[in-house]
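The values are calculated or read from the model by the stated rules, or taken from the named source; none is laboratory data. As the structure is a computational prediction, the values presented were derived from the model and not from experiment. Cβ sites come from the backbone with ideal geometry, for glycine too, and all protein chains shown count toward neighbours. Surface areas here come from the heavy atoms of the whole protein model, side chains and all, with no ligands, DNA or RNA. Shrake-Rupley method; radii C 1.70, N 1.55, O 1.52, S 1.80 Å.
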Amino acid sequence: MTGDFLIYTTHLNHTPEYHGSVIVRTNGAVVPIECRYFRKGNVSSDPIKPTWIPFSSTKSGEGHLSFSLCLMNGDWLTEHTSTVYYLGELIHIEASVSMTNHMPLKLYIDHCVATLSLDKDSTPRYSIIDHNGCLLDSKAEDSFSTFVLPGDERELDKLRFDLDAFRFLGDDRSLIFITCHLKVAPVDQRDSRTKACTFQKVQNVWTPLEESSIDICACCHVGNCGATRELWFGSRGRRDLVPQAGVESEVVLIVALTVTAVSLISASLLALFLYRKHKQTQVNHDQMINKMIGDFLIYTTHLNHTPEYHGSVIVRTNGAVVPIECRYFRKGNVSSDPIKPTWIPFSSTKSGEGHLSFSLCLMNGDWLTERTSTVYYLGELIHIEASVSMTNHMPLKLYIDRCVATLSPDKDSTPRYSIIDHNGCLLDSKAEDSFSTFVLPGDERELDKLRFDLDAFRFLGDDCSLIFITCHLKVAPVDQRDSRTKACTFQKVQNVWTPLEESSIDICACCHVGNCGATRELWFGTRGRRDLSEVGLKWEGEASLGPLLILDTDVTKLATESLNEAERRMQERSPGGVESEVVLIVALTVTAVSLISASLLALFLYRKHKQSQVNQ
């Protein structure tokens, strides 16, 4: 016992057979297991999970809530990656809370404000949601903002709303920051302080997101739902909302109107000042400017637009003075090179001529989606995809020079196992118990990708069952076909090396002798790039995967799958056919053999485990 925890520790032991190789494909390991349980608490109502999970960690805090806001796409299924919006677009915002070890709670939005800086108390600011869940922006004449319920029933830990894009009047940066105060409440609590209300302009009424037996949105009309503005965004994040009414509400309303009037007068004076400055600037810069600098002909001008002013602190029609500078090469065939302006709003572009980005990733068997897990069983195939990202390049084709497996991220550490070597020879495919091979999923190979299957293995005598794979990748012109630009697999039946793609010359012949025209000292250079003009190559780099966890084959799972297959065939069996009877007998025989093998293996492991316990 340590502090508030009861700690249980043990080890899971298994020793594989030794075949005299540096690697094995049957897993053996000593796995330390540590389980922590709270000493205090109602264990029956809180399922216990061990804190040890391979290659991941869990963290749960009793009573801890994590609130967040994120931008979503219109389908509400995926996050919106860009933060750039145009006036007239809808900003899809999803509020969420992460709850662990809690009774069921429902999420609500108390207040949301938009500001020009991260400080929520800065000015100017615009109230999007207020009064414990009233979407004030939905009442604006030119707004289509609304709370959203994508499905038939609302998720307890999420609340979504659409916000009609706007910007602050007189702001040249066109940036806004949105800060929201979120809270949770018991699921069965339904009152004026736990609501999500939108104003319907046609009916001139506030309506809740979910149906309610009481009019919880009525207080949105008067702007007083039982909490004063001074209490929100408190330092503790939670507070007791005591209703306020009577004379105090009248005083607050008068003060609010006074502050609003002063703000509008200040905004009007500021707008007048900016307008006069803008007119003066427009007179000075309204003419086109042409000049030549070096190899460029430069054309500069301004695009001017002034929106109508409606007396609000925000506008939904954008006004700006946009400087435009177009650069054209003075020499060259302009008609064959489309001209693009160098100025792009709210984004920057960067392209590096000659820059290549190499990578390795684990894929699922369909080669369409990435695999999320890094855990494999012996006997499984590891689907590996090498790729390169090319910008402003002539067509190039990707190749794998070498791949090594090690026990650490250091590719030069020992022991190490060569998977691919000699400029693209898949050496592991020559191993007797291996099914490794280069793969061509479609009819034609993609230039920027190269795929291969690797039969799972682990290092002999390694207790942690982890491997790291580091590969040296390179690209070459598409029409270059020789012994240094190849992807070859060994075919055991024909006892011959075959290329992934057909070739008029035997580019895989050098795999037999292990010398394909490049020395080992050149690969994995310290600079990551070198001039290979002497061998006809110009670009290369390295990429790595890991750690990968390789576990022993799940024999019980295989036996269960065989039994399920036999039952399926029995259900599909035809009443009268000899062929169906033969299939049934074979399926039952396979199932029986699998179960007997599983039982013998389980008995062997049990005896080894008991012997280990006696020794300990």
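Reported count of residues in the stretch 400-409, each being surrounded by fewer than 23 Cβ atoms within 10 Å (Cβ to Cβ) and modelled with pLDDT of 95 or more, is 1. Taken over the stretch 96-129, the criterion of being in contact with a helix residue (DSSP H, G or I) (Cβ under 6 Å, 6 or more places away or on another chain) and surrounded by fewer than 17 Cβ atoms within 10 Å (Cβ to Cβ) is satisfied by SER127 alone. Taking the stretch 130-216 as the region of interest, the strands (runs of 3 or more DSSP E) fully inside it that hold 1 or more residues being closer than 23 Å to SER66 by Cα and modelled with pLDDT of 95 or more are 146-148, 158-164, 177-186.
Residue count for the stretch 483-500 satisfying the condition of being surrounded by 14 or more Cβ atoms within 10 Å (Cβ to Cβ) and in contact with a Lys or Arg (Cβ under 8 Å, 6 or more places away or on another chain): 4.
Where strands (runs of 3 or more DSSP E) fall wholly inside the stretch 367-467, the ranges with 2 or more residues that are more than 30 Å from HIS11 (Cβ to Cβ) are 381-390, 396-406, 416-421, 437-439, 449-455. Taking GLN480, is it within 30 Å of PRO415 (Cα to Cα) and either open to solvent by less than 30 Å² (accessible area, probe 1.4 Å) or among the polar types (S, T, N, Q) (or both)? The answer is no for GLN480. State yes or no: is LEU396 open to solvent by less than 10 Å² (accessible area, probe 1.4 Å), within 23 Å of GLU540 (Cβ to Cβ) and at pLDDT below 90? For LEU396, the condition - open to solvent by less than 10 Å² (accessible area, probe 1.4 Å), within 23 Å of GLU540 (Cβ to Cβ) and at pLDDT below 90 - is met. Taking the stretch 99-129 as the search range and keeping residues that are in a loop (DSSP other than H, G, I, E, B) and among the hydrophobic types (A, V, I, L, M, F, W, C), which one is farthest from GLN189 (Cα to Cα)? The extreme case among them is LEU116. On the basis of being within 30 Å of PRO32 (Cα to Cα), in contact with a Lys or Arg (Cβ under 8 Å, 6 or more places away or on another chain) and hydrophobic (A, V, I, L, M, F, W, C), does ALA386 make the cut? The answer is no for ALA386. Could you please find all residues in the stretch 410-433 being of a type in the set (S, T, N, Q) and surrounded by fewer than 22 Cβ atoms within 10 Å (Cβ to Cβ)? Within the stretch 410-433, SER413, THR414, SER418 meet the criteria. Within the stretch 70-98, being of a type in the set (Gly, Ala, Ser), free of Cβ contacts under 8 Å to residues at least 60 places away in the same chain and in a strand (DSSP E or B) holds for one residue alone: SER98. Comparison of SER387, SER348 shows that the only residue that is farther than 30 Å from GLY461 by Cα and at pLDDT below 90 is SER348.
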